[in-house]
Amino acid sequence: LFKDFAAMALIAELDNVGFYLANHGYFGTALKVDTDEARKVTFKDKSFKKFCNIPMRPTILFSIFLVMISLYIAVVWGQVSGDYFYAKVPNCDIPFESIAKFGDGKCDGGLLNRFQCNFDGGDCD
């Protein structure tokens, strides 16, 4: 998905450079005249609608923003509180402070190196 947006940004930038060059006469006077005419074209946004005197587009965008922030906070809370860890390995009774050592690429042993904890998340063989 990122590569698609990056490709579109590159194409848009190339288009802007081509328009700039044509507007300054590097591709002939005919294209310069056409770009001058294109600069005169204006568009009026007719999609700005209101409901009960409330602008809809900003309201919808702000609502989506609030939902995204709420979901982000929920995910962070699940990570910080250890809920995701205990959902992944429910029978692994380790102290909360040891969760950061789980699956970190180093065999920590002790309570983490047992079957219930998936042998330190696969770190211990």
Spatial separation of Cα centroids for the stretch 70-100 and the stretch 3-45, in angstrom: 52 Å
Length gained when the stretch TYR72-HIS24 is fully extended (0.36 nm per residue, less Cα-Cα span): 12.5 nm
Charge dipole (the chain, unit charges on Cβ, about Cα centre) - positive-most of CYS52, VAL17, GLY109: CYS52
Share of Cα-Cα pairs in the stretch 24-67 lying beyond 14 Å, as whole percent: 67 percent
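Which whole-number percent gives the relative contact order of the stretch 2-69, counting Cα pairs below 8 Å spaced six or more residues apart? Before the final figure, lay out the partial values.
Values: 21 pairs, mean separation 8.8, N = 68.
Reported relative contact order: 13 percent.
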Contact order normalised by residue count of the chain, Cα under 8 Å, 6+ apart, percent: 11 percent
Kirkwood Rh in Å, taken over the chain so that all alpha-carbon pairs contribute: 21.0 Å
Student exercise, the stretch 5-125 dipole from Lys, Arg, Asp, Glu Cβ charges, in Debye to nearest 20: 920 debye
Globularity index of the stretch 6-45, i.e. its alpha-carbon radius of gyration over 2.2 N^0.38 Å: 1.33
Solvent exposure, largest accessible area first (probe 1.4 Å, DNA, RNA and ligands not counted), of ASP93, ASP125: ASP125, ASP93
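Can you tell me the length gained on complete extension of the stretch GLN79 to MET56, counting 0.36 nm per residue apart and subtracting the Cα distance?
4.8 nm
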Partnerless Cys - the chain, beta-carbon criterion under 4.7 Å: CYS52
Once the Cα gyration tensor of the stretch 60-125 is diagonalised, semi-axes √(5λ) in Å: 33, 10, 9
C-alpha long axis of helix 56-81 to longest principal axis of the chain, angle in °: 20 degrees
Mean ellipticity per residue at 222 nm, deg cm²/dmol - from DSSP H runs of n ≥ 4 across the chain, formula -39500 (n - 2.57): -18000 deg cm²/dmol
GNM top mover of ASN23, ASN91, ASN113 - the chain, alpha-carbon springs below 10 Å: ASN23
Listed residues PHE65, PHE19, PHE115, most fluctuating in the chain (Gaussian network, C-alpha, under 10 Å): PHE19
Under the Karplus curve 6.51 cos²θ - 1.76 cosθ + 1.60, θ = phi - 60°, whole-Hz ³J(HN,Hα) for the stretch 13-25, x wherever Gly or Pro sits: 5, 4, 5, 5, 5, x, 5, 4, 5, 5, 5, 9, x
Most fluctuating residue given options LYS32, LYS50, LYS88, as computed from a GNM of the chain linking Cα atoms under 10 Å: LYS32
Probe 1.4 Å - accessible area at TYR84, Å² to nearest ten: 110 Å²
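The values are calculated or read from the model by the stated rules, or taken from the named source; none is laboratory data. None of the values given here were measured: they were computed from a predicted structure. Reconstructed Cβ throughout: ideal geometry from the backbone, glycine too, with neighbour counts over all protein chains shown. Just the protein is used for accessible areas: all its heavy atoms, side chains included, with ligands, DNA and RNA removed. Shrake-Rupley method; radii C 1.70, N 1.55, O 1.52, S 1.80 Å.
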